[in-house]
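**Student:** Take this structure, written in structure tokens, and hold onto it; I'll ask about it next.
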Amino acid sequence: MEGTIERFESLRTELINHYEASKGSIFGHKGLKIQGKVFVFYNEPNIVVKLKPEDVATALILNGAKNFDPMGGKPMREWVEIPYGDQQWFDYAIKGMTYVKSLLKN
């Protein structure tokens, strides 16, 4: 059975090949960017996704999901750490990509 890093790599390949995503990194973690801005990255064994407020609230209902807190004590309000699930990883990665793209000036 694949580990979560292999599953993240599969997700990454899917979004690069079929969407407008490109490879990126943040905090030293493998991630994906849209138009130069990171929208999702791998933080073993979870993904961390930048989401709009409504999607943050929905994501936090998932079992094991939490606001990303890289330094301890000050969680990043738009970034949610999401446990593994093929479909939920894909769905939230797409939501993150759409949200970050909406923040960029064309």
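The values are calculated or read from the model by the stated rules, or taken from the named source; none is laboratory data. The model shown is predicted, which means the values in this text are computed figures rather than measured ones. FYI the Cβ positions are ideal-geometry reconstructions off the backbone, even for glycines, and counts take in every protein chain you see. Surface accessibility is based on the protein's heavy atoms, side chains included, excluding ligands, DNA and RNA. Shrake-Rupley method; radii C 1.70, N 1.55, O 1.52, S 1.80 Å.
**Student:** Is it true that residue 53 is out of contact with any His (no Cβ under 9 Å at 6 or more places or on another chain) and at pLDDT below 95?
**Tutor:** Criteria not met by residue 53.
**Student:** Consider residue 92 against the criteria (1) in contact (Cβ under 8 Å) with a residue 12 or more places away in the chain; (2) surrounded by fewer than 19 Cβ atoms within 10 Å (Cβ to Cβ); (3) assigned to a helix (DSSP H, G or I): it satisfies all of them except one. Which criterion is unmet?
**Tutor:** Tallying (1) in contact (Cβ under 8 Å) with a residue 12 or more places away in the chain; (2) surrounded by fewer than 19 Cβ atoms within 10 Å (Cβ to Cβ); (3) assigned to a helix (DSSP H, G or I), residue 92 fails exactly one: (2).
**Student:** Please find, within the stretch 1-20, the residue that is most open to solvent (accessible area, probe 1.4 Å) out of those that are charged (D, E, K, R) and over 12 Å from the mean Cα position of the chain (by Cα).
**Tutor:** 20
**Student:** From 23, 74, which residue is open to solvent by 50 Å² or more (accessible area, probe 1.4 Å), part of a loop (DSSP other than H, G, I, E, B), farther than 18 Å from residue 99 by Cβ and free of Cβ contacts under 8 Å to residues at least 12 places away in the same chain?
**Tutor:** Result: 74 is the single residue among 23, 74 that is open to solvent by 50 Å² or more (accessible area, probe 1.4 Å), part of a loop (DSSP other than H, G, I, E, B), farther than 18 Å from residue 99 by Cβ and free of Cβ contacts under 8 Å to residues at least 12 places away in the same chain.
**Student:** Can you find, within the stretch 77-88, the residue that is farthest from the chain's Cα centre (by Cα) among those that are assigned to a strand (DSSP E or B) and of a type outside the set (Phe, Trp, Tyr)?
**Tutor:** 77
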